[in-house]
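S.K.: A single structure is presented below for examination.
The values are calculated or read from the model by the stated rules, or taken from the named source; none is laboratory data. Everything quoted here is computed from the prediction, not taken from an experiment. Cβ atoms come from the backbone with ideal geometry, glycine included; neighbour counts cover every protein chain shown. Remember, those area values only see protein heavy atoms, side chains included, never the ligands or the DNA or RNA. Shrake-Rupley method; radii C 1.70, N 1.55, O 1.52, S 1.80 Å.
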Amino acid sequence: MLDYNKKLLKLVQEVHQRLLASKIKVSFAESCTGGLLQKLITDTSGSSSYFEGGFVTYSNRLKNKILGVKEETLTKYGAVSSQCAKEMVEGVNRITGADISVSVTGIAGPTGGSLDKPVGTVCFGFLSQQGLTTQVKCFKGSRDDVRHQSAIFVLESILELLSK
């Protein structure tokens with residue numbers, strides 16, 4: 001596993017400072033990252049001023065029950081899809097009312113991949129004043145590598161949203 005700790009710590013501190021200064025609130029809906037983003041954010045004292053909350057909806061049942069992801073979406077496109085990431089981010093935003101909401105759903109591996117969706121495929125949803133966007137990335141490496149690269153991508157994306 002590559003050492004992502006330094007990069008993550010640096011990004012978390014930068015996000016912390018920017019969110020404190022902007023008074024913007026964030027929330028997360030996580031699947032493959034299993035709460036990693038929420039842990040990273042809340043490791044820093046003072047995060048309660050900008051972290052509204054979030055959910056780890058690992059199962060499709062909870063994606064549907066808590067976040068309101070449609071069963072049709074899960075059946076037609078799967079949990080690892082832009083469509084699911086979109087509905088997840090809409091759900092967490094509806095519940096928390098945060099200024100920036102983020103969703104993450106993917107295949108961290110080492111099992112679970114397919115030709116269409118290989119291990120490392122991760123779908124993200126971002127909902128902010130700039131609108132709703134989704135992105136799909138394919139990361140390489142171990143399960144931890146995929147999860148850490150996903151967290152880095154989210155933190156960098158939050159910084160980008162805060163720059164607009």
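S.K.: Just add up the charged neighbours of residue 64: K/R +1, D/E -1, any other residue whose Cβ is under 12 Å from the Cβ of residue 64. Provide the component values of the computation, followed by the final result.
M.R.: Values: positive: 61, 63, 65, 70; negative: 71, 72, 87.
Net charge in that neighbourhood comes out at +1.
S.K.: Size of the dipole of the stretch 1-60 about the Cα centre, Lys and Arg at +1 and Asp and Glu at -1 on the beta carbon, nothing else charged, in debye to 20?
M.R.: In debye, rounded to 20, the stretch 1-60 gives about 200.
S.K.: Can you work out the Karplus-derived ³J(HN,Hα) for every residue in the stretch 111-120? Use 6.51 cos²θ - 1.76 cosθ + 1.60 with θ = phi - 60°, whole Hz, and x for glycine or proline.
M.R.: These are the phi-based 3J(HN,Hα) values: 9, x, x, 9, 4, 6, 10, x, 3, x Hz.
S.K.: If we count every other residue with Cβ under 12 angstrom of residue 88's Cβ, Lys/Arg +1 and Asp/Glu -1, where does the sum land? Display every interim value, and only then the final one.
M.R.: Details: positive: 63, 70, 86, 94; negative: 30, 87, 90.
Within the 12 Å Cβ shell, the charges total +1.
S.K.: Which trypsin sites (Lys or Arg not before Pro) in the stretch 40-122 pass both tests, a DSSP loop state and at most 14 other beta-carbon atoms within 10 Å?
M.R.: Numbers: sites: 61, 63, 65, 70, 76, 86, 94; in loops: 70.
Those that pass, being in a loop and sparsely packed, are 70.
S.K.: Specify whether the C-alpha gyration tensor of the stretch 58-124 places it in the rounded, prolate or oblate class, a ≥ b ≥ c being the square roots of the eigenvalues: rounded for a/c under 1.5, otherwise prolate if a/b is larger than b/c and oblate if not.
M.R.: Prolate is the answer for the stretch 58-124, as a/c is 1.5 or above and a/b outweighs b/c.
S.K.: Hey, another quick one. By the gyration tensor of its Cα atoms, with a ≥ b ≥ c the square roots of the eigenvalues, what is the shape of the stretch 78-164: rounded for a/c under 1.5, prolate for a/b over b/c, or oblate?
M.R.: Since a/c reaches 1.5 and a/b is larger than b/c, the shape of the stretch 78-164 is classed as prolate.
S.K.: Now for a separate question. For the stretch 1-53, state what percent of all Cα-Cα pairs lands in each successive 10 Å bin, counting from 0 Å until the bin that includes the largest distance.
M.R.: All Cα pairs, binned at 10 Å, distribute as 24, 55, 20, 2 percent.
S.K.: Treating only the Cβ of Lys, Arg, Asp and Glu as charged (+1, +1, -1, -1), what charge dipole size does the chain show about its Cα centre? Round to the nearest 20 debye.
M.R.: Working: 20 positive and 15 negative charges, 9 e Å.
Using only the charged Cβ atoms, the result is roughly 40 debye.
S.K.: Which of the chymotrypsin sites (Phe, Trp or Tyr not before Pro) found in the stretch 5-65 are in a DSSP loop and have at most 16 neighbouring Cβ atoms, other than their own, within 10 Å?
M.R.: When the chymotrypsin sites (Phe, Trp or Tyr not before Pro) of the stretch 5-65 are filtered for loop state and at most 16 Cβ neighbours within 10 Å, 58 remain.
S.K.: Quick one: pull the percent of accessible area on the stretch 10-116 belonging to carbon and sulfur, 1.4 Å probe, ligands and nucleic acids left out.
M.R.: Values: 2620 of 5090 Å².
Summing carbon and sulfur atoms, their accessible area is 51 percent of the total for the stretch 10-116.
S.K.: Let me ask you something else. Work out, in µm²/s and without decimals, the Stokes-Einstein translational diffusion coefficient of the stretch 116-164 at 10 °C, 1.306 mPa s, Rh from Kirkwood over C-alpha pairs.
M.R.: For the chosen part, D equals 136 µm²/s.
S.K.: Multiply the residue gap between residue 6 and residue 132 by 0.36 nm, knock off their C-alpha separation, and tell me the result in nm, one decimal place.
M.R.: Using 0.36 nm per residue and subtracting the Cα-Cα distance, I get 42.4 nm.
S.K.: Which one of 92, 79, 34 has its Cα pushed farthest toward the positive end of the charge dipole of the stretch 34-97, where Lys and Arg give +1 and Asp and Glu give -1 at the Cβ?
M.R.: Working it through, the farthest residue towards the positive pole turns out to be 79.
S.K.: So, one more: Taking H placed 1.01 Å from N in the peptide plane, check which residues at least 5 places from residue 55 or on another chain put their amide H under 5 Å from its amide H.
M.R.: For residue 55, whose amide H was placed from the backbone, the distant partners under 5 Å are 28, 29, 30.
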